[in-house]
1. Of all the residues that make up segment 34-76, how many are part of a loop (DSSP other than H, G, I, E, B) and over 23 Å from the mean Cα position of the chain (by Cα)?
2. Looking only at segment 118-149, which residues are acidic (Asp, Glu) and either touching a Lys or Arg at 6+ places or on another chain (Cβ under 7 Å) or free of Cβ contacts under 8 Å to residues at least 40 places away in the same chain (or both)?
3. Condition (residue is in a loop (DSSP other than H, G, I, E, B), surrounded by fewer than 16 Cβ atoms within 10 Å (Cβ to Cβ) and touching a residue at least 12 places away in the same chain (Cβ under 8 Å)) applied to segment 374-384: is it met by at least one residue?
4. Restricting the search to segment 46-76, which residues are surrounded by fewer than 19 Cβ atoms within 10 Å (Cβ to Cβ) and β-branched (Val, Ile, Thr)?
5. Could you please find all residues in segment 259-277 being farther than 12 Å from Val97 by Cα, of a type outside the set (Gly, Ala, Ser) and touching a helix residue (DSSP H, G or I) at 6+ places or on another chain (Cβ under 9 Å)?
6. Considering only residues of segment 134-158 that are within 18 Å of Ser245 (Cβ to Cβ) and surrounded by fewer than 19 Cβ atoms within 10 Å (Cβ to Cβ), which is farthest from the ligand (Cβ to nearest atom)?
7. Report those helices (runs of 4 or more DSSP H) wholly inside segment 282-363 carrying at least 2 residues which are within 27 Å of Gly77 (Cβ to Cβ).
8. Quick check on segment 77-117: of everything there that is outside any helix (DSSP H, G or I), on the phi < 0 side of the Ramachandran plot and more than 14 Å from the ligand (Cβ to nearest atom), which residue is surrounded by the fewest Cβ atoms within 10 Å (Cβ to Cβ)?
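The values are calculated or read from the model by the stated rules, or taken from the named source; none is laboratory data. Values in this document were obtained by computation on a predicted structure and should not be read as measured data. Ideal geometry is used to build each Cβ from the backbone, glycine not excepted, and the neighbour counts take in all protein chains shown.
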Amino acid sequence: MLRLNEHYSKLKASYLFADIAKRVNAYVAANPGKPVIRLGIGDVTEPLPPVCIAALHAATDELAHRATFKGYGPGEGYAFLREAVAQHDYAAHGAKVDPDEVFISDGSKCDIANIQEIFAPDTKLAIPDPVYPVYVDTNVMAGRTGANVDGRYAGITYLDSTAANGYVPAPPPTPADLIYLCFPNNPTGAVATRAQLAAWVAYARQHRAIILFDAAYEAYVRTPGIPRSIYEIEGARDVAIEFRSYSKLAGFTGLRCAYTVVPKNLKARDAAGKEHSVHALWYRRHTTKFNGVAYPVQKAALAAYSPEGQKQTRALTDFYLGNAKLIRDAVTKLGLACIGGDDAPYLWVNTGRASWEFFDLLLTKAQVVCTPGAGFGKCGEGHVRISAFNSRENVETALARLAAALK
Ligand code: PLP
């Protein structure tokens, strides 16, 4: 008899954003004259940079001619994009990554979700709280955790990110094998200093662990000295895998393009203690289960590295950071403590009350939607995430309503 993967039954029944949508839809249905502004979602709002659009068109035209037609591309991505990544995203920032250590994909979500399957079922996990839910849920699905008791899964070492540690957790006293880190952070917007990341690299080296470094928001770092990549830390190439995406850099959330860096010298052991190349394993996995990103999409990603592309993507991230600054100033003026927004498109507001209660207050009094922190983990309670992904007009209107509702 066929049986289901029963680990799925441990997952929380509903998804945070589905719960939010339900409440918002009910409010809108009951209050048709009160338009709602959504500052809750993590999706971009502005169109793609013109250089990317031009590259998409040109590459699509290539597919119309026998001489330039492309069928299946290399599963790990075209060399032109992998070389651009190595040069612009790493060498230019003093970090060493070879083009053949770069795996192009259709999104960091998939890569982050899939990477765990090359590690043993009894891998000990360390995962931040609050967290981008994909890190936890994919390990639950794979059977690496026990039941969810009181909002936490047995078998995970949770890394509390709270006001007390500036929302940047230090390595725990106990050993872990696989560590998920995300900076600039979603949902908190916190960034880690070089010293804080160095402590994690030292911990990973000591425990022969691997850090999965999610740098989906690196393009928002503006503070001098804050690392954009884990590979800016000495020794990280031996212990870290990095995930990056064009989603928040260049508005590719719908187009889909990202990459994962797996250094060739990264090793993990089998049960007998023999070392194996993690790069070789990921290459096998990626090229077996994935057939590459569309050629025009990879060309569009390449265009983001051109001088004009760099200007246009910078203008895009500057625009969202401009929204973030407005939000931060307004929230601070209302007497609420908040972090993020300087080097990230998210702000993490310490509301001083239950996060769903604050969500309801903003929805009903200001018709503004935020994301309740409790949905990102136990430590998210008492906080809400406000996203800077919106038009300037919507942000300004939302902030005026917030000021009126909360003053
Ligand atoms: N990592 C974090 C922290 C994110 O917030 C997101 C998207 O919201 C992703 C990864 C996934 O990005 P992608 O669009 O490349 O799948």
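1. 15
2. Asp122, Asp129
3. No, segment 374-384 contains no residue that is in a loop (DSSP other than H, G, I, E, B), surrounded by fewer than 16 Cβ atoms within 10 Å (Cβ to Cβ) and touching a residue at least 12 places away in the same chain (Cβ under 8 Å).
4. Ile53, Thr60, Thr68
5. Residues satisfying the conditions are Tyr259, Leu266, Lys267.
6. The qualifying residue farthest from the ligand (Cβ to nearest atom) is Thr138.
7. 295-303, 307-333
8. Lys96
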